[in-house]
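Engineer: This is the structure I have questions about; it appears just below.
The values are calculated or read from the model by the stated rules, or taken from the named source; none is laboratory data. Just so it is clear, the model here is predicted, and its values are computed rather than measured. A quick note on method: Cβ atoms are made from the backbone with ideal geometry, for glycine too, and the neighbour counts reach across all protein chains shown.
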């Protein structure tokens with residue numbers, strides 16, 4: 001996730017239409033509100049002034065991509081607090097222009113998040129073994145080859 005944030009940052013430096021990433025790890029989450037996530041954790045982790053990050057998220061200046069990692073490491077007794085804070089982020093994103101990437105293992109947190117916000121959707125990443133990789137490549141390379149034959153190699 002940190003690598004993704006670095007890639008997005010490089011793109012944002014080159015193109016002002018690209019989202020500015022803000023990365024936070026929830027390993028040290030000890031409770032709090034939306035403001036705790038945004039103003040304390042994200043601002044601190046990214047070397048930004050709290051008021052600037054808050055203004056960027058709540059107002060329509062420039063698109064942000066908040067990358068939240070390690071959500072599955074939040075202690076069980078703080079999960080509901082985290083869910084309420086994340087829901088507050090969704091509500092504070094009144095323009096709908098910002099995005100939130102939340103990384104966690106499958107489990108009750110994912111199920112809870114799916115229930116609180118209809119715009120939250122889940123992408124499941126799964127590791128593939130060598131055989132599954134070979135099958136995936138064969139399907140997609142065959143598909144690409146068939147398309148090239150049908151169009152005479154033109155796209």
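Engineer: Could you list, ordered by first residue, the pairs with Cβ atoms under 8 Å in which the first is in segment 67-85 and outside the structural domain of residue 38 (by TED's automatic domain parsing) and in a helix (DSSP H, G or I) and the second is at pLDDT 85 or above and loosely packed, with under 15 Cβ neighbours inside 10 Å, at least 6 apart or interchain?
Structural biologist: The qualifying pairs do not exist here.
Engineer: Another question, then. Could you run through segment 60-81 and say how many residues are closer than 14 Å to residue 20 by Cα and out of contact with any strand residue (DSSP E or B) (no Cβ under 8 Å at 6 or more places or on another chain)?
Structural biologist: Number of matching residues: 2.
Engineer: Taking segment 57-75, which residues are modelled with pLDDT under 85 and within 29 Å of residue 105 (Cα to Cα)?
Structural biologist: Listed by number, the residues that qualify are 57, 58, 72.
Engineer: As an exercise: evaluate residue 62 against (1) buried (at least 18 other Cβ atoms within 10 Å of the Cβ); (2) in contact with a helix residue (DSSP H, G or I) (Cβ under 7 Å, 6 or more places away or on another chain) and give the number of the one condition it does not meet.
Structural biologist: For residue 62, the failing item is (1).
Engineer: Further question: Go through segment 12-56 and report how many residues are touching a strand residue (DSSP E or B) at 6+ places or on another chain (Cβ under 9 Å) and not in a loop (DSSP other than H, G, I, E, B).
Structural biologist: 17
Engineer: Based on this model, can you work out whether residue 100 counts as within 16 Å of the chain's Cα centre (by Cα) and in a helix (DSSP H, G or I)?
Structural biologist: Spelling it out, it is not the case that residue 100 is within 16 Å of the chain's Cα centre (by Cα) and in a helix (DSSP H, G or I).
Engineer: Which residues, counting only those in segment 35-55, are surrounded by fewer than 19 Cβ atoms within 10 Å (Cβ to Cβ) and either in contact with a helix residue (DSSP H, G or I) (Cβ under 6 Å, 6 or more places away or on another chain) or over 15 Å from residue 83 (Cα atoms) (or both)?
Structural biologist: Within segment 35-55, 40, 44, 45, 46, 47, 48, 49, 50, 51, 52, 54, 55 qualify.
Engineer: Of the conditions (1) within 19 Å of residue 43 (Cα to Cα); (2) in contact with a helix residue (DSSP H, G or I) (Cβ under 6 Å, 6 or more places away or on another chain), residue 83 fails just one. Which one is it?
Structural biologist: (1)
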